[in-house]
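Since the structure comes first, as structure tokens, the remarks are kept for the end.
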Amino acid sequence: MQLSPESLPRRARLLPLLHAEHGRRGWLSPESVTAIAREARIPVAEAWEAATSYRDFHFESPAGKAQVCTGLSCQLAGAATEAGEAVMGCRFRCYEAPARGHDQPFPEQFIREAGPLLAPDVTDWRGLERARSVGREAALAEIESSGLRGRGGAYFPVGRKWAGALAQNRPIALVVNAEEGEPGVFKDRALLCRRPRRVLEGIAIAAELLQPAVVAIVVNGEAEAARMSLEAALASPGLPQNVDPWVVPGGGGYILGEETTLLNALEGRKPVPRLRPPYPVESGLFGMPTVINNVETLANLSVAFRDGAAAFRSSGTVDAPGTKLFSVSGQVREPGVYELPLGIRLAEVIERAGGAVSGSVTAVLTGGPSGGFLAPSEFGVALAPGVLHPTGAMVGAGGLVVLDESSDVRAAVLAMARFNAEESCGKCTPCREGSPRMLDFLRENDAGSLEPLLEVVGAASLCGLGQMAPNPLRSALHFWPELFR
Amino acid sequence: MSVRIDGREFPADGSILDAVLAAGIDLPHLCKDDNLPAIGACRTCLVEADGRVVAACSAPASSVREVLTTTERVERIRRGVLELTAAMGDPRPDLPHGPCGVQARQTFAAHAGVSNGLSRRERTAVDSTNPFFSFVETACILCGRCVAACQQLQHIGAIGLAGAGLATRVTPGASITFRESICTSCGSCVAACPTSALSPKTGGAE
């Protein structure tokens, strides 16, 4: 039996209330945050520190300004800010760069290659029925034997994560992460807009096997279309009765991709990382053992139970079976989402996406602001979990931003350095103070000062995002040292 | 259960930081307050544990076998963090045996009043509206101890760390002064501050 959101501690209402107020007025005033703090019964200073940490919220009226995307793919496509346009972060519509204006439903034609995940949406609940009929123990064993790994970017084995939460023998919270805040990644939006029932079947299977007390789905606050599609699917008749999730719009920020930050956001606290231990499976949302899975991971669960673990293992690698949704954008002829087996060579993905727009491909950013830029000499690499190059490039969430002969590699590297500087949550000193300085040294071509700072930020930062912030710079200095002298 | 610290065996009780301090080793730990759970924000209590650089405050001593506090690598990285901290403004270590330790004291002293051209702080507010203490923002290193003391120790919630990234600042209420806030002048934040950003007014109430 699942609890309704109202039965969670009252402070959990903070983020939904802030999002609703921001949606109504377009900005948040100290007076409105004060009123919301009273409603959520938390001190004003705590509501204020949380509210002012989200990237999507304005604290003065932005009336009358058009919005232009400043993500990397749009920058490569020549997006330039015109007078009167509000500069935004990535709009996650990299497939139609340069993107302008408000959120749009993910267009079907940008699903370029479909496998089991992006096959036409499910119409029955065969996967759930199978999970139920084999019984809980056998179903959990099947997840282990399928070898399914999380698709949010860390590729942690799903079976092991779940076992960690179940071993606590206490009511579990299931948190579904659709916060998707990495520039160049738009596959969760594609899934939720176009195949919401496959995601819901995955959630239903997880609800069946984990018997969670709470199911929360956090959808990026600006991904209105994805959230509406999900809510429409939840309202459709014939849904499994064990699915009654709490859908929460997020407040924006790359840091929300960090699991414990997402938990703080759901609890109405400032969105910054927590220390580990305890790990979320031990003590997560309001102290409950908590499983946090990406929507793509849960969609994979639907596939694994429909087709069986053996079939699931027939694609991908031995260590990381299954397909992956690659978000391909930048200077490539056919940008969009490509569902391809893990382990596919980067060169083959580029080829399937039609290759460069002008001339040849000169670089590919993999893993976004936490990953790295790869030079053509590396395009033979297999896209599988683990590092793709010693400087830190990785598959991550599956974003591939392609640069061609018209692209300015230096400007792209500076864009990633600027992103990491601006998106630092500010909790720990090395990342907050160090990442803006990395950008300065890079701009000033001061590699001598930059190198030791990369070591400090990488080794001393609190969370994975700070620890990986130096990676794009390391890769750029390795492959294109002449651009930074 | 024991842990080997700089070549000697010690009981593996509490965090690595607890074990290191109990061994009498000087290690800066700017954001760790004796009365509060670890915050993990200042990243100055870095040690090398089983070959990895970790913050000693948040890793259980029982989870590692060997801790080294003075390897060339960890000293270099810790110095880097302390220099970033010093460059934030004008942090002033408070108590002689406080959490700054010798290394932080020396780093702060070496950087005192030196403008290295990199400091990007615009945090220069001074809030003297409370009758008992003042807040001088240039000395603040955003360690979060005052906020933890107010929110978690006293359960008042008069202050928070508003904003994100470089824009983060210690702020009472929703951008108001200490006097206008729900602060009860309990003094916990002042006692928790490791850099005298929050300091008592001498001579009592003005």
*region A:9-56: number of residues that are closer than 26 Å to A:G89 by Cβ, in contact (Cβ under 8 Å) with a residue 12 or more places away in the chain and within 11 Å of chain B (Cβ to nearest Cβ)*: 14
*Is there a residue being within 7 Å of chain A (Cβ to nearest Cβ) and at positive phi anywhere in region B:178-193?*
no
*Failed condition for A:R41, given (1) at pLDDT below 85; (2) exposed (fewer than 15 other Cβ atoms within 10 Å of the Cβ); (3) among the charged types (D, E, K, R)*: (1)
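Kindly check whether there is at least one residue in region A:472-484 that is within 14 Å of chain B (Cβ to nearest Cβ), of a type outside the set (F, W, Y) and touching a strand residue (DSSP E or B) at 6+ places or on another chain (Cβ under 8 Å). Lay out the reasoning, then the answer.
Restricting attention to region A:472-484, the residues satisfying the condition of being within 14 Å of chain B (Cβ to nearest Cβ) are none.
No, every residue in region A:472-484 fails to be within 14 Å of chain B (Cβ to nearest Cβ), of a type outside the set (F, W, Y) and touching a strand residue (DSSP E or B) at 6+ places or on another chain (Cβ under 8 Å).
Quick one: which of A:R410, A:R474, A:R485 is modelled with pLDDT under 95 and surrounded by fewer than 24 Cβ atoms within 10 Å (Cβ to Cβ)?
Working: A:R410 fails: modelled with pLDDT under 95; A:R474 fails: modelled with pLDDT under 95.
Sole residue among the options that is modelled with pLDDT under 95 and surrounded by fewer than 24 Cβ atoms within 10 Å (Cβ to Cβ): A:R485.
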*Whichever residue in region B:166-182 is surrounded by 22 or more Cβ atoms within 10 Å (Cβ to Cβ) and assigned to a loop (DSSP other than H, G, I, E, B) and, among such residues, is nearest to the chain's Cα centre (by Cα)*: B:T168
_Selected residue [among the basic types (K, R), more than 23 Å from A:T323 (Cα to Cα), surrounded by fewer than 24 Cβ atoms within 10 Å (Cβ to Cβ) and at pLDDT 95 or above] from A:R170, A:R194_ = A:R170
*Can you name the residue in region B:20-50 that is outside any loop (DSSP other than H, G, I, E, B) and closer than 18 Å to B:R79 by Cβ and, of all such residues, is farthest from the chain's Cα centre (by Cα)?*
B:E48
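Looking for something in a helix (DSSP H, G or I), away from chain B (no Cβ under 12 Å) and either of a type in the set (G, A, S) or out of contact with any Asp or Glu (no Cβ under 8 Å at 6 or more places or on another chain) (or both) - is there at least one such residue anywhere in region A:243-257?
First, the residues of region A:243-257 that are in a helix (DSSP H, G or I): A:254-257.
Checking the rest, the ones that are also away from chain B (no Cβ under 12 Å) come to A:257.
If we keep only those that are either of a type in the set (G, A, S) or out of contact with any Asp or Glu (no Cβ under 8 Å at 6 or more places or on another chain) (or both) too, we end up with A:257.
So far as region A:243-257 goes, yes, one or more of its residues are in a helix (DSSP H, G or I), away from chain B (no Cβ under 12 Å) and either of a type in the set (G, A, S) or out of contact with any Asp or Glu (no Cβ under 8 Å at 6 or more places or on another chain) (or both).
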*asked:* Suppose the filter is within 11 Å of chain A (Cβ to nearest Cβ), among the charged types (D, E, K, R) and without any contact (Cβ under 8 Å) to a residue 12 or more places away in the chain; does B:R43 pass it?
replied: no
_I'd like the residue in region B:46-97 that is acidic (D, E) and closer than 14 Å to B:F108 by Cβ and, out of all such residues, is nearest to the other protein chains (Cβ to nearest Cβ)._
B:E83
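Taking the stated definitions as given, is B:D33 in contact with a Lys or Arg (Cβ under 9 Å, 6 or more places away or on another chain) and more than 12 Å from chain A (Cβ to nearest Cβ)?
Working: in contact with a Lys or Arg (Cβ under 9 Å, 6 or more places away or on another chain): yes; more than 12 Å from chain A (Cβ to nearest Cβ): yes.
Yes; evaluated as a whole, the condition is true for this residue.
Looking at the structure I just gave you, is A:F419 within 14 Å of chain B (Cβ to nearest Cβ) and within 30 Å of A:E351 (Cβ to Cβ)? Spell out the reasoning first.
Numbers: within 14 Å of chain B (Cβ to nearest Cβ): yes; within 30 Å of A:E351 (Cβ to Cβ): yes.
Here the answer is yes, as A:F419 does meet what is asked.
Results for (1) in contact with a Ser or Thr (Cβ under 7 Å, 6 or more places away or on another chain); (2) under 21 Å from A:A47 (Cα atoms); (3) of a type in the set (V, I, T); (4) more than 13 Å from chain A (Cβ to nearest Cβ), shown as yes or no for each residue.
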site: B:T129; (1), (2), (3), (4): yes, no, yes, yes
site: B:Q154; (1), (2), (3), (4): yes, yes, no, no
site: B:G173; (1), (2), (3), (4): yes, yes, no, no
site: B:A197; (1), (2), (3), (4): no, no, no, yes
site: B:T202; (1), (2), (3), (4): no, no, yes, yes
*Kindly provide the set of residues from region A:435-469 that are of a type outside the set (S, T, N, Q), farther than 16 Å from B:L84 by Cα and more than 10 Å from chain B (Cβ to nearest Cβ), ordered by number.*
A:L442, A:R443, A:E444, A:D446, A:A447, A:G448, A:G464, A:L465, A:M468, A:A469
*asked:* Criterion first (under 30 Å from A:F419 (Cα atoms), at the interface with chain A (Cβ under 7 Å from one of its Cβ atoms) and out of contact with any strand residue (DSSP E or B) (no Cβ under 9 Å at 6 or more places or on another chain)) does B:L166 satisfy it?
replied: yes
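Could you run through region A:212-245 and say how many residues are of a type in the set (A, V, I, L, M) and within 18 Å of the chain's Cα centre (by Cα)?
Quick first cut of region A:212-245, residues of a type in the set (A, V, I, L, M) only: A:213-219, A:223, A:225-226, A:228, A:230, A:232-235, A:239, A:243.
Still in the running and within 18 Å of the chain's Cα centre (by Cα): A:216-219, A:223, A:225-226, A:230.
Total satisfying the criteria: 8.
Run down A:E137, A:E201 and say which single residue is surrounded by fewer than 22 Cβ atoms within 10 Å (Cβ to Cβ) and not in a loop (DSSP other than H, G, I, E, B). Can you show your working first?
Working: A:E201 fails: surrounded by fewer than 22 Cβ atoms within 10 Å (Cβ to Cβ).
When all the criteria are applied, what remains is A:E137.
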*Near pairs, Cβ below 7 angstrom, 6+ apart or cross-chain, from region A:232-253 (within 30 Å of A:E423 (Cβ to Cβ)) to any residue that is aromatic (F, W, Y)*: A:G251/A:Y54; A:G251/A:F57; A:G252/A:Y54; A:G253/A:Y54
*Identify, by number, the condition in (1) assigned to a loop (DSSP other than H, G, I, E, B); (2) more than 10 Å from chain A (Cβ to nearest Cβ); (3) touching a Leu at 6+ places or on another chain (Cβ under 9 Å) that B:L17 doesn't meet.*
(1)
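The values are calculated or read from the model by the stated rules, or taken from the named source; none is laboratory data. Note that this is a predicted model, so its numbers are computed, not measured. So basically every Cβ, Gly included, is an ideal-geometry build from the backbone, and we count neighbours across all protein chains shown.
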